[in-house]
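This report concerns only the one structure given below.
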Amino acid sequence: DGADACVAVAGTSSHDRTGCADQDNDGYSDADALWTIASGADAFPTDTTQWNDTDGDGYGDNPPPATTGDGCPSVVGTSTADRNGCADTDGDGYSNADSGWTIAQGADAFPSDNSQWADGDGDGYGDNATGTNPDACPTQSGNSTRMGRVGCLDSDGDGYADVDDAFSSESTQWA
């Protein structure tokens, strides 16, 4: 009983308090009336892969393959699509880019537009066909801006996509 932190309760915890209840047997004791999550109790008492949530956003500090690993364990966040628990300014599920996670790795290419998050060809127009100002040519970078066909090749720079431009090498004419 000398080393047992919970003498009145049978338990197997060993990492934070010895001999206390540990429902998932991960070594971290379950919370009780005196030992809360803020004190160091297991924040995930039924998940053997997680026990701590430093930022309190509901995603555990242990990275994947642990269950619901937090991609940003010291930042409160709501992202779920590319990384769990990171900042997501527009609430679309994709995390904002940061020094450790770029747009090329899957971060939100449009952090202020919840209808767009990816720009596969890098031309500034989103790949989501039902989102704001969608790219009509999402696999080919383009600079067209007119006639509802944005993001397609515009060789003469008049704003009209070559496919819609009767004079694709003459910038003063298009029809």
### Summary
Expected output for the stretch 71-98 (first residue on the phi > 0 side of the Ramachandran plot, partner among the hydroxyl-bearing types (Ser, Thr, Tyr) and open to solvent by less than 20 Å² (accessible area, probe 1.4 Å), Cβ below 8 Å, 6+ apart or cross-chain) is Gly85/Ser79; Gly93/Ser79
### Query
List the pairs whose first member sits in the stretch 16-42 and is open to solvent by 60 Å² or more (accessible area, probe 1.4 Å), whose second member is β-branched (Val, Ile, Thr), and whose Cβ atoms are under 9 Å apart, counting only residues at least 6 apart or on separate chains?
Gln23/Thr46; Asn25/Thr12; Asn25/Thr48; Asp32/Val9
### Message
Suppose we keep only residues that are on the phi > 0 side of the Ramachandran plot and not aliphatic (A, V, I, L, M) within the stretch 134-175. Which one would you say is surrounded by the most Cβ atoms within 10 Å (Cβ to Cβ)?
### Response
Gly151
### Summary
From the option list Val75, Val150, single residue qualifying as in a loop (DSSP other than H, G, I, E, B), within 30 Å of Gly58 (Cα to Cα) and either at pLDDT 95 or above or not charged (D, E, K, R) (or both) is Val75
### Message
Tell me yes or no: at least one residue of the stretch 112-127 is surrounded by 17 or more Cβ atoms within 10 Å (Cβ to Cβ) and polar (S, T, N, Q).
### Response
yes
#### Entry: Sole exception among (1) within 11 Å of the chain's Cα centre (by Cα); (2) open to solvent by less than 50 Å² (accessible area, probe 1.4 Å); (3) not β-branched (Val, Ile, Thr) for Tyr94, by number
(2)
### Query
Can you tell which of Gly60, Gly69, Gly85 is in contact with a strand residue (DSSP E or B) (Cβ under 9 Å, 6 or more places away or on another chain), at pLDDT below 95, within 28 Å of Ala43 (Cβ to Cβ) and surrounded by 15 or more Cβ atoms within 10 Å (Cβ to Cβ)?
Gly69
### Query
So is Ala136 touching a Lys or Arg at 6+ places or on another chain (Cβ under 8 Å) and either among the small types (Gly, Ala, Ser) or assigned to a loop (DSSP other than H, G, I, E, B) (or both) or not?
yes
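The values are calculated or read from the model by the stated rules, or taken from the named source; none is laboratory data. Bear in mind that the values here come from a model prediction, so they are computed numbers and not experimental data. As a convention, Cβ positions derive from the backbone with ideal geometry for all residues, glycine included, and neighbour counts pool all protein chains shown. The protein model used for the area step is the full one, side chains on, heavy atoms only, and it has no ligands, DNA or RNA in it. Shrake-Rupley method; radii C 1.70, N 1.55, O 1.52, S 1.80 Å.
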